[in-house]
Amino acid sequence: MAMSFCYCGNNTPFENCCKPYIDGNKKAPTAETLMRSRYAAYATLAIDYLLATTHSSQRKYYSKSDIRTWAVSNQWLKLEVIAATTTTVEFKAHFLDSNKTAQIHHEKSTFVFEEDRWFYVDGLFNENIV
């Protein structure tokens, strides 16, 4: 049986790519790695990981049920990383919405390295990206 590539777009099986981060067996070494693993977490409904990797100053803006609803209602197709710096990642997440309409979530995310791990802080979306 052929191994499928990771949800994040790397040509590596999920088990050897994002799964160790999602399972808590490894820490994401870069902001881009964290962002890729968060995309994989949406695709695999790893809601606790998404909350745990959101910076503590931002968690109050997210609820487990809202994240789960968003993750479940979409069919995640592919991740396209456009640019990455030490603390930012610009990406396009391609998905089908609940009506099976193709959508692209275009975001430039900001990350912070704190207490020996990376956290998602916030992002600029679509038309706000410079």
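The values are calculated or read from the model by the stated rules, or taken from the named source; none is laboratory data. On a predicted model such as this, the values are computed, not experimentally measured, just so you know. For neighbour counting, all protein chains shown are included, and Cβ atoms are generated from backbone atoms with ideal geometry for every residue, glycine included. For accessibility, only protein heavy atoms count, side chains too; no ligands or nucleic acids. Shrake-Rupley method; radii C 1.70, N 1.55, O 1.52, S 1.80 Å.
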With every protein chain in place, what's the accessible area of residue 19 (1.4 Å probe, Å², nearest 10)? 70
Which one of 73, 89, 30 has its Cα pushed farthest toward the positive end of the charge dipole of the chain, where Lys and Arg give +1 and Asp and Glu give -1 at the Cβ? 73
Under unit Cβ charges (Lys, Arg +1; Asp, Glu -1), what dipole magnitude, rounded to 20 debye, does the chain have relative to its Cα centre? 240
Can you list the lysines whose alpha carbon is less than 20 Å from that of residue 92, not counting same-chain residues fewer than 8 positions off? 78, 100, 108
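Where the accessible area of the stretch 1-118 is counted over protein heavy atoms with a 1.4 Å probe, how much of it, in %, is carbon and sulfur?
On the way: 3390 of 6770 Å².
Carbon and sulfur together cover 50 percent of it.
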Candidate aspartates and glutamates - alpha carbon under 14 Å from residue 26, same-chain residues fewer than 8 apart omitted: 15, 116
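Grab the DSSP H runs of the chain that are 4 residues or longer, score each as -39,500 (n - 2.57), total them, divide by all residues and round the 222 nm result to the nearest 500 deg cm²/dmol. Intermediate results must be reported in sequence, preceding the final value.
Values: 4 runs with 34 residues, N = 130.
It comes out at -7000 deg cm²/dmol, rounded to the nearest 500.
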